[in-house]
Amino acid sequence: MTTVTAQTVPTDAGDARVTWHPAARPRFVLALGHGAGGGIEARDLQALARVLPGHGVTVALVEQPWRVAGRKVAPAPKTLDTGWRGIWPAVAEPGLPVISGGRSAGARVACRTAGELGAHAVLALGFPLHPPGRPEKSRAAELLGAGVPTLVVQGGNDTFGRPAEFPEGGDHELVEVPWGDHGLAVPKRAGIGQEEALEIVTSAVVRWTASLG
């Protein structure tokens, strides 16, 4: 079993932290950022960190500087982008193609910066297509502007954007987690359990990463 290690990375937004879950024979590095309301303990991030190394993908869980500093509220999007740019040399250092990813606000960061950073692809978990109840405030342009193959994994009951609300076109694929909310949690009345919901997530990402050239 490979060893999980944590690395402090200075950025122009403060110190970030990268927790490495290495694959034995990696083809890609998947850098995953967290959302604005939580950290790398999110259920989907942890599930991917457990599963993907066994399928040739090293997972780098990235904590933005505001979380490392112990603050409770995420800064403005441009500051999140600054932190992400700052960690990029560290996740690119192994010399492998880097998939840029994250959940919620972290997914937006990955989409906004994919082109400039040279991301191989983007993984968007719980992409916040719009604020709850405000579909007119669409962020579809960020998703469509990523410019690289993109996988969106979205809860069927995500109030930040249900799967049917997502635009057609662009180089993205969408996988639905039935009954899932914004955090991909499923209610007890759902037809699937939480472990099964997470298996939908990990299986979709394993299949998608295997298909990337």
Quiz item: In the stretch 139-156, is there at least one residue being more than 28 Å from Ala16 (Cα to Cα) and in contact with an Asp or Glu (Cβ under 6 Å, 6 or more places away or on another chain)?
Solution: yes
Quiz item: Restricting the search to the stretch 17-33, which residues are surrounded by fewer than 19 Cβ atoms within 10 Å (Cβ to Cβ), in contact with a helix residue (DSSP H, G or I) (Cβ under 7 Å, 6 or more places away or on another chain) and over 19 Å from Pro65 (Cα atoms)?
Solution: Pro22
Self-check item: Count of residues meeting criterion [open to solvent by 40 Å² or more (accessible area, probe 1.4 Å) and under 19 Å from Leu174 (Cβ atoms)] in the stretch 75-111
Solution: 1
Self-check item: Test: residue in the stretch 119-132 that is surrounded by 14 or more Cβ atoms within 10 Å (Cβ to Cβ), touching a residue at least 40 places away in the same chain (Cβ under 8 Å) and more than 27 Å from Pro89 (Cα to Cα)
Solution: no
Quiz item: Quick check, is Thr150 modelled with pLDDT of 95 or more, open to solvent by less than 10 Å² (accessible area, probe 1.4 Å) and closer than 22 Å to Ser203 by Cβ?
Solution: yes
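Of Gly38, Gly14, which residue is open to solvent by 10 Å² or more (accessible area, probe 1.4 Å) and at pLDDT below 95?
Numbers: Gly14 fails: at pLDDT below 95.
Matching residue, one of Gly38, Gly14: Gly38.
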Quiz prompt | First in the stretch 69-87 and farther than 18 Å from Gly38 by Cα, second anywhere and open to solvent by less than 50 Å² (accessible area, probe 1.4 Å) and polar (S, T, N, Q), Cβ under 6 Å, 6 or more apart | solution = Gly86/Thr11
Quiz item: Looking at the stretch 45-74, which of the residues that are under 24 Å from Gln154 (Cα atoms), part of a loop (DSSP other than H, G, I, E, B) and out of contact with any strand residue (DSSP E or B) (no Cβ under 9 Å at 6 or more places or on another chain) is most open to solvent (accessible area, probe 1.4 Å)?
Solution: Val73
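Which one is least open to solvent (accessible area, probe 1.4 Å) among residues in the stretch 155-195 that are of a type in the set (Asp, Glu) and under 16 Å from Leu45 (Cα atoms)?
If we filter the stretch 155-195 for residues that are of a type in the set (Asp, Glu), which is where we start, we get 158, 165, 168, 171, 173, 176, 181, 195.
Restricting the remaining residues to those that are under 16 Å from Leu45 (Cα atoms) gives 181, 195.
Values: Asp181: 64, Glu195: 130 Å².
Among them, the one singled out is Asp181.
The values are calculated or read from the model by the stated rules, or taken from the named source; none is laboratory data. All figures in this text were calculated on a predicted structure; none of them were measured in a lab. Don't worry about glycine lacking a Cβ; one is built from the backbone with ideal geometry, like all the others, and counts go over all protein chains shown. These area figures cover heavy atoms from the full protein model, side chains too; ligands, DNA and RNA do not enter into them. Shrake-Rupley method; radii C 1.70, N 1.55, O 1.52, S 1.80 Å.
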